[in-house]
Amino acid sequence: MPSALCQFLDIEKPILSAPMGGAAGPDLVASVCNAGGYGVIPLWGKPVDQVVEGIAAVRALTDRNFAVNLNLSFPYQDQLEACIDAKIHAVSLFWGMEPSAFATAKAAGLVVLASVGSVAEAKAAEDAGADVIVAQGWEAGGHVWGQVSTLALIPAVADAVKLPVVAAGGIADGRGMAAALLLGAEGVWVGTRFLGSTEATIHDTYRQSILDASETATEWYYDLYDVDWPAAPHRALKNSTSEHWHTTGSASPGNRPGEQQVIGHRPDGRPILRYQSYTPLPGTDGDVEAMSMWSGQGVALVRQIMPAAEIVEELYLDAKDHLQNRQAIL
Ligand SMILES: Cc1cc2nc3c(=O)[nH]c(=O)nc-3n(C[C@H](O)[C@H](O)[C@H](O)COP(=O)(O)O)c2cc1C
């Protein structure tokens, strides 16, 4: 299975760990890289010194290539300059199509991974100079940019662009990976499955909720959680906050029940309000179940906590087995 994407990224396995704000830190990213995949670390929204520290923390754990994830809906220029100064391999750009960001990164020799949710965006990213298109289906966890399911999106995007396509959204085991490759992707971008890794920096209540969840356990919300930037839909586990919000009429921000209620505290003691966008970290106290526990629909396939390297290996071997050895069923 060594694809053009693998050669381009200099990896053995076309498995990319998705950037997951709060959950995918240096340990997870480096473990995926060391296992032959490719890790992406979210460093958007952070001061430059923390971007530099984040890059150094990954480099202390691996000498492999990885990418830094930046959010184009926020000021990103200083973080991008820090990435360029640090000579990182790649940037992953999401939530927007800002040609100057692509141009700056390309001019500095960085590989550019562009997250899209439609063919039109994929073409715009190709025109802007992207090297790899990450097509994210609606099944995905966390912030969900598009409205199209992975099954429909990947072949449409693969047919429309010349660049390698990486499939995201709902891919949580070898069957999903094999399917994505058959649909025209050259690699997979996996988030929710890695929430079930030992390296994911999430609270035990969140981790257990992921293990317990079925395929119907998540919902897509336009603006249930206050994610700090406009028009940023998201997918998360249903919980007591979303149930109460539904039963009281699904009010818009400003009128949701219990908006100013403190439901817990961060490890540093800062309060967490109901509806606040907050990935529950270890050390969080309070009603963790009521917090924004981001998750994709593939969560039903997360059945045990495993080291990230074993998840990479399992996905790779199972996908290979499905692609090479499966009896014809037609
Ligand atoms: C907890 C969590 C946090 C996320 N944070 C980010 C982020 O900071 N940047 C980003 O580009 N995508 C983010 N995403 C989306 C993922 O990059 C990816 O597209 C998604 O997880 C893929 O779908 P899956 O969860 O079904 O594997 C997040 C997803 C999750 C589950």
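The values are calculated or read from the model by the stated rules, or taken from the named source; none is laboratory data. It should be emphasised that the depicted structure is a prediction, and the values quoted were computed from it without experimental measurement. Please note: Cβ atoms are built from the backbone with ideal geometry, for glycine as well, and neighbour counts cover all protein chains shown. All accessible areas refer to the heavy atoms of the entire protein, side chains included, with ligands and DNA or RNA removed. Shrake-Rupley method; radii C 1.70, N 1.55, O 1.52, S 1.80 Å.
Structural remarks
- Sites SER100 and GLN147, calculated FRET efficiency, Cβ-Cβ separation with R0 30 Å, nearest 0.05: 0.65
- Note that the chain presents 41 Å² accessible area per residue, ligands and nucleic acids not counted, probe 1.4 Å.
- Ranking LEU43, ALA56, THR192 by Cα position along the charge dipole of the chain, where only Lys, Arg, Asp and Glu carry charges on their C-beta atoms, puts THR192 farthest toward the positive end.
- Listed pairs LYS162/LYS320; LYS46/LYS87; LYS13/LYS123; LYS123/LYS162 exceeding 21 Å between Cα atoms: LYS162/LYS320; LYS13/LYS123
- Share of carbon and sulfur in the accessible heavy-atom surface of the chain [1.4 Å probe, %]: 52
- Shape category assigned to the stretch 1-98 from the gyration tensor of Cα positions, a/c cut at 1.5: prolate
- Only Cα pairs under 8 Å and 6+ residues apart enter the sum, and on that basis the relative contact order of the chain stands at 17 percent.
- Whole-number D in µm²/s for the chain (Stokes-Einstein; Kirkwood sum over Cα pairs; 20 °C, 1.002 mPa s): 108
- When both the stretch 199-220 and the stretch 53-129 are represented by their alpha-carbon centers, they are found 28 Å apart.
- Sorting the segments 251-259, 234-242, 95-103, 32-40 by their residues' average number of neighbouring beta-carbon atoms within 10 angstrom, most packed first, yields 32-40, 234-242, 95-103, 251-259.
- For the stretch 71-165, the set of trypsin sites (Lys or Arg not before Pro) satisfying both a DSSP loop assignment and a count of at most 16 other C-beta atoms within 10 Å is given as LYS87, LYS162.
- Unit charges on C-beta of K, R, D, E only; dipole of the chain, Debye: 320
- Per residue, the average separation of C-alpha pairs within less than 8 Å and at least 6 apart gives the stretch 77-132 a relative contact order of 35 percent.
- Value at 222 nm in deg cm²/dmol, rounded to 500, when DSSP H runs of n ≥ 4 in the chain each add -39,500 (n - 2.57): -10000 deg cm²/dmol
- Relative contact order, percent, the stretch 176-330 [alpha-carbon distance under 8 Å, six or more residues apart]: 32
- On the principal axes of its alpha carbon atoms, the stretch 147-216 extends 42, 25, 21 Å, with the longest extent given first.
- Rg ratio (alpha-carbon, reference 2.2 N^0.38 Å) - the stretch 106-170: 1.05
- Where the Cα pairs of the stretch 207-299 fall when distances are cut into 5 Å bins, in %: 2, 14, 25, 26, 20, 11, 2
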